Amino acid sequence: MVVVSPATSRLGIILAGCLFSFLLSHDHVVIAHAATASPAPPLSFSFDFANTSDYSLQDLRFEGDAALNGDLVDLTCNSVESKENYYCKGRMSYNHPIPLYDKSTGEVASFATTFIFAIHLIPNRTKKGDGLTFFLSTYPSRLPPESSSNLLGLISSSDTSAVGEDRFVAVEFDTYSNPWDPTGASDHIGIDLSSVTSVSTTRLPSYSLNGTMTATITFVNTTRTLEAILHFDYSNHSLAAARVKTQLPDPLDALLPPVVAVGFSAATGGNTELHQIHSWSFNSTMAPRARETPTETPTWANNVQPEQGQVHATKGRDNSLIIGGAVVVALALVVIIWSILSWCRWTRTRDSFGTGTRLKRFEYREVSTATDGFSDKKKIGAGGFGVVYSGSLKADQPVAVKKILKDSRGEFKDFLAELDAVGRTGHGNVVRLEGWCCSINNFMFWCLHRQNVKLFLVYELVPNGNLHEHLHERPEVLSWARRYKIVKGIGSALHYLHHLCKPCILHRDIKPSNILLDHDFNAKLGDFGLSRVAQYDDDTSLITAVAVGTVDYMDPLCKKHGQVKLRPSSDVYSFGIVLLEILHGENNPDLLRKLHRDQPETFVSDAADKKLDGQFDKIEMERVIVLALQCCDLDESQRPSMAAAMLFLENGGELPPATPDRSKPP
Ligand SMILES: *[C@@H]1O[C@H](CO)[C@@H](O)[C@H](O)[C@H]1NC(C)=O
Ligand SMILES: *[C@@H]1O[C@H](CO)[C@@H](O)[C@H](O)[C@H]1NC(C)=O
Ligand SMILES: *[C@@H]1O[C@H](CO)[C@@H](O)[C@H](O)[C@H]1NC(C)=O
Ligand SMILES: *[C@@H]1O[C@H](CO)[C@@H](O)[C@H](O)[C@H]1NC(C)=O
């Protein structure tokens with residue numbers, strides 16, 4: 001028997017711990033390496049619309065009236081004379097998502113964009129409108145349907161703020177003075193947060209937003225400052241650069257989603273002008289996540305900085321692989337450690353069942369194979385304490401396997417008592433216990449579900465049924481010679497248990513169905529499920545236990561009190577009742593006592609089982625009757641000891657009345 005000591009399980013924990021820290025440190029090295037070898041390269045793209053090989057239309061999204069027009073992009077209509085020039089709106093945006101912040105890491109991008117754009121007024125007109133913006137919005141960009149005129153292609157209403165998917169952040173280059181715009185000048189730049197009413201504005205000289213200009217817009221993640229600088233470098237008027245800036249709220253969640261679209265919008269109304277983009281460059285410190293643009297990455301990478309694009313994608317995958325791998329490894333280790341601990345605890349508990357016996361412990365596998373997986377065909381009996389299967393072990397050794405039903409407390413006290421009691425017997429009239437087996441559905445959780453522990457006892461197979469069947473169920477009559485042999489067999493077993501075992505063993509459940517027969521009609525006492533070991537070294541040390549047993553065969557003294565002192569005399573009583581049943585066919589002590597008292601002359605033939613048809617040895621029959629009646633005497637002190645009972649059966653003569661020291665071996 002292998003007992004897993006606490007030291008062994010400690011060793012298991014230490015080994016698992018070493019493995020765990022090794023893997024952790026290994027992972028650490030991999031992560032550090034990835035971080036130092038390739039510092040996160042920025043997201044970057046640039047388009048020069050004057051150079052057809054410097055951009056790809058796949059990278060651009062045009063909405064509304066926006067379109068590529070020769071060497072520039074017109075955001076609104078390009079024909080100044082046509083009617084469609086009025087109430088136009090359009091957007092051009094980058095056709096890939098741009099990460100702005102990462103909720104899981106808390107990182108926020110810094111970005112910078114520079115673009116050369118033009119606003120051209122219509123010759124000979126003093127009225128102009130409405131302006132152009134650079135915006136960030138939900139990806140992909142969606143041009144609001146009713147956003148022409150002073151709504152700048154940003155929003156459907158000037159009265160409300162955009163919410164949800166419609167939110168935006170924009171820098172406006174506005175040429176028309178609306179009621180919500182700064183007074184005094186139609187031309188101004190401003191910062192718009194989901195509304196055309198700017199949070200920050202800078203007034204410009206009238207008609208200064210006329211011609212080609214350069215704007216640079218930056219966002220710095222540490223200060224959350226969004227700033228736009230406008231240079232009038234390509235225009236004829238030599239104005240100083242204009243700026244507008246604001247600090248965006250922290251966090252950015254309320255303002256924009258983590259991934260955004262970036263681009264330009266513009267609109268015209270009853271007044272009109274041209275809004276054009278010549279070139280555009282954009283950089284961000286946050287690389288696009290490979291996962292979000294699985295199919296687009298190659299195109300994007302081909303047109304813009306191929307090496308960097310691929311590095312971003314691979315690195316993103318690497319990181320998630322490393323993190324995913326670490327999580328899996330950690331989980332696996334937890335499971336492994338838990339398994340080791342559970343297994344150690346389980347085997348320790350399992351083996352403790354067998355402590356103090358020299359019985360063999362069978363593996364569940366062996367027991368299950370022997371009984372064809374406890375198939376119904378192999379079932380040979382079922383009692384109050386378990387189901388019994390016949391089976392055959394590897395060496396063709398026939399066995400009976402008793403699957404112990406758990407008692408209400410989910411414990412196996414009776415099982416242990418049986419192991420203990422039977423394990424020490426070695427008598428021909430006691431069913432031999434070959435070993436035991438203990439299994440569990442799932443050892444991982446056994447400490448949570450102790451009642452799932454299953455216990456099995458492996459007995460020698462006693463092939464010829466039990467006494468109850470032979471007396472009452474089988475057609476052939478059990479002859480007296482066989483009955484007498486059975487009586488002596490049971491007596492001998494009880495004599496052995498009561499007097500030759502130290503400490504004495506009480507069976508406590510003697511009844512015909514617990515008396516098994518082999519082909520030679522040798523009786524074998526089985527089912528010690530209820531037996532207890534009585535500490536029987538002195539007269540007073542009788543154990544107390546809840547009265548158990550089968551009612552008909554149970555000592556009335558036990559029935560009366562419930563809690564009783566268990567004595568060998570209770571077994572003697574049950575033995576007497578069984579004898580009456582063997583000789584008379586029924587166990588009716590009162591009737592037989594009456595017969596014995598009233599008709600002493602004809603008593604023997606009246607009492608004998610009618611099935612025997614007078615075929616019996618009169619002397620033997622008389623001895624059994626006398627013994628049976630005295631054994632089931634209601635006065636405990638009149639019952640004989642098993643030693644005296646055996647002497648009487650063998651030799652006849654006087655049946656000595658019980659004496660106080662009946663317990664002592666002769
Ligand atoms: C046009 O763009 C390509 C690709 O960016 C570049 O190699 C080429 O020099 C550009 N041509 C001019 C005239 O700028
Ligand atoms: C700002 O961007 C830098 C990269 O340029 C990054 O290392 C840093 O973590 C960012 N800071 C915040 C607060 O996101
Ligand atoms: C983006 O980065 C490139 C090179 O890294 C640089 O040439 C360009 O000026 C940058 N653009 C902006 C808008 O900062
Ligand atoms: C706008 O700019 C053009 C070209 O520089 C100029 O001819 C025109 O007079 C300007 N318009 C106004 C209203 O200042």
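Data table
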{"read-out": "Positive minus negative residues near R474 (Lys, Arg vs Asp, Glu; Cβ under 13 Å)", "value": "-1"}
{"read-out": "Stretch gain in nm, segment V328-D606, where the contour uses 0.36 nm per residue and the Cα spacing is subtracted", "value": "91.8 nm"}
{"read-out": "Cα centre as origin, Lys/Arg/Asp/Glu Cβ charges: the stretch 51-159 dipole, Debye", "value": "260"}
{"read-out": "Cα centroid of the stretch 152-229 to Cα centroid of the stretch 594-613, whole Å", "value": "122"}
{"read-out": "Environment charge of N210, counting only residues whose C-beta is closer than 9 Å and scoring Lys/Arg +1, Asp/Glu -1", "value": "-1"}
{"read-out": "Computed lengthening from N464 to D159, 0.36 nm per intervening residue step minus Cα-Cα distance", "value": "99.9 nm"}
{"read-out": "Paramagnetic reach from D552 (point 7 Å along Cα→Cβ, amide N under 11 Å) across the stretch 568-587", "value": "578, 581-582, 585-587"}
{"read-out": "Peptide ranges 205-214, 132-141 listed from the most packed, as the mean C-beta count within 10 angstrom indicates", "value": "132-141, 205-214"}
{"read-out": "Nitroxide proxy distance, nm - points 7 Å out along Cα→Cβ at R243 and T126", "value": "3.5"}
{"read-out": "Accessible carbon and sulfur surface of the stretch 44-284 relative to its total accessible area, %, 1.4 Å", "value": "48"}
{"read-out": "Net dipole in debye of the stretch 44-284 [+1 Lys, Arg Cβ; -1 Asp, Glu Cβ; about Cα centre; nearest 20]", "value": "300"}
{"read-out": "Residue-count net charge about K594 - beta-carbon cut-off 15 Å; Lys, Arg +1, Asp, Glu -1", "value": "-4"}
{"read-out": "Accessible area in square angstrom per residue, the stretch 44-284, 1.4 angstrom probe", "value": "40"}
{"read-out": "Accessible-area ranking of M92, M554, largest first, probe 1.4 Å", "value": "M554, M92"}
{"read-out": "Protection-proxy order for peptides 239-251, 93-105, each taking the mean of Cβ atoms within 10 Å per residue, highest first", "value": "93-105, 239-251"}
{"read-out": "Heavy atoms of H427 accessible to a 1.4 Å probe, total area in Å² rounded to 10", "value": "50"}
{"read-out": "Sorted peptide list for 268-280, 475-487, criterion being average Cβ within 10 angstrom, highest first", "value": "268-280, 475-487"}
{"read-out": "Potential extension, E476-F374 segment - 0.36 nm per residue separation minus Cα distance", "value": "33.6 nm"}
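The values are calculated or read from the model by the stated rules, or taken from the named source; none is laboratory data. What you see is a predicted model, and the numbers here were worked out from it, not measured in a lab. Backbone-built Cβ (ideal geometry, glycine too); neighbour counts: all protein chains shown. Side chains included, ligands, DNA and RNA excluded: accessible areas come from the protein's heavy atoms. Shrake-Rupley method; radii C 1.70, N 1.55, O 1.52, S 1.80 Å.
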